[in-house]
1. For a distance above 18 Å, tell me the whole-number percent of Cα pairs in region 152-300 that qualify.
2. Contour minus end-to-end for Met183 and Leu50, with contour as 0.36 nm per residue of separation and end-to-end as the Cα-Cα distance?
3. So how do Phe90, Phe143 rank on accessible area, 1.4 Å probe, biggest first, that is with the largest at the start?
4. Under a point-charge model restricted to the Cβ atoms of Lys and Arg (+1) and Asp and Glu (-1), what is the dipole moment magnitude of region 148-267 relative to its Cα centre, in debye to the nearest 20?
5. If I model region 63-146 as equal point scatterers sitting on the Cα atoms and use the Debye formula, what is log10 I(q)/I(0) at q = 0.14, 0.22, 0.27 Å⁻¹?
6. Where the centre of each part is set by its Cα atoms, how far does region 177-229 sit from region 269-291, in angstrom?
7. Please compute the per residue accessible area over region 94-206 with all protein chains in place, 1.4 Å probe, rounded to a whole number of Å².
8. Is any residue of region 213-228 close enough, with backbone N under 15 Å, to a label point placed 7 angstrom from the Cα of Asp116 along the Cα-Cβ axis, and if so, which?
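The values are calculated or read from the model by the stated rules, or taken from the named source; none is laboratory data. Small disclaimer: the values here were computed from a predicted structure and weren't measured. Ideal geometry is used to build each Cβ from the backbone, glycine not excepted, and the neighbour counts take in all protein chains shown. Note: accessible area is taken over every heavy atom of the protein model, side chains too, but ligands, DNA and RNA are not part of it. Shrake-Rupley method; radii C 1.70, N 1.55, O 1.52, S 1.80 Å.
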Amino acid sequence: MHFLRPRPVRSSLKFSTLWSRQLSQHAQGRLETEDDWTDFQQTRTSLKTLMDGMSQYGSEQTSQWSLRDSLHRPAKDATLSALLASGAHFGHAASRMNPNFLPYAYGTRAGITLIDLDHTLPLLRRAAKVVRAVAANDGQIVFIGTRTDIRPVVQKAAQRLGAQGFHVGDRWLPGTLTNKWQMFGHETVRSKRIIPDLVILLNPLQNMNAIQECALSNVPTIAIVDSNVDPRIVMYPIPANDESPRTAEIIAGVLSIAGREGISIREAEMQRIRMAVDTAWEDFHKMQEVQSEPYTVDSRPRDSNAVDFDY
């Protein structure tokens, strides 16, 4: 015994495509006679009636999603959906996971360690607060990313900080901090600030020399830490996929925008101090002008009806 299966309701988009194709076929020939025009109008009326009747069973697209240019127009704050879309949760093989990375691991799937983004987001926001505070106190920040695919990321991040931002995109020269007298010369070291106030690394395993020199020079470090990296090698770890350029763009964008906000805070504070100093100087000059005026005695005639009191 055969059972009749209900036919699935087709969407309005499929009907629209079908009947639009039929209308286009009618329109390809020339409508010369009155019967041709009548057939064309009947077909168009049938299409409109069918669309009005079947539109309630279809779906409408109300919003469109577009890929954000996270390199040139990064978001101010990262979200879990943005990190997930960039592949920040993919770690290395489970056999390569560092034992100290276990608190940041969500689990394993198909032999791959999955990073818990619920830990990544608050640690990223904590690092952004550090960058904002360093930039607000006129600190120099260095972005390090020595892979070819993340070289434009560190360049753009350093540009957002202006004169307080620097980047290393080719190779970290050993001895840049620990052997600064021979690297830059005595005159340069005495006249300029060589030691940065904060270093941000997008691929820490390839820049272990820079991390060691920062530790010896007491420079705080922020780094993207993958599942095969010990989070204790840096001061502020951010657990995420360090091999994804999009993840690097999101994290570097959030940190660089935080640094730019810190610079704006410092400029506003300096402007407030200047205005306060200018106001104080104006009050001081006015006080001096009042004190420099000669003292005059009242020479008006005395009233004869005035009564003198003996004290």
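1. It works out to 69 percent of all Cα pairs.
2. Values: separation 133, 0.36 × 133 = 47.88 nm, distance 7.87 nm.
Additional length available on full extension: 40.0 nm.
3. The residues order as Phe90, Phe143, largest area first.
4. Taking the Cα centre of region 148-267 as origin, the dipole is about 420 debye.
5. Debye output, listed in q order: -0.68, -1.16, -1.28.
6. The distance from the Cα centre of region 177-229 to that of region 269-291 comes to 43 Å.
7. Spelled out: the 1.4 Å probe surface of region 94-206, per residue, equals 53 Å².
8. Flagged as within label range: 227.
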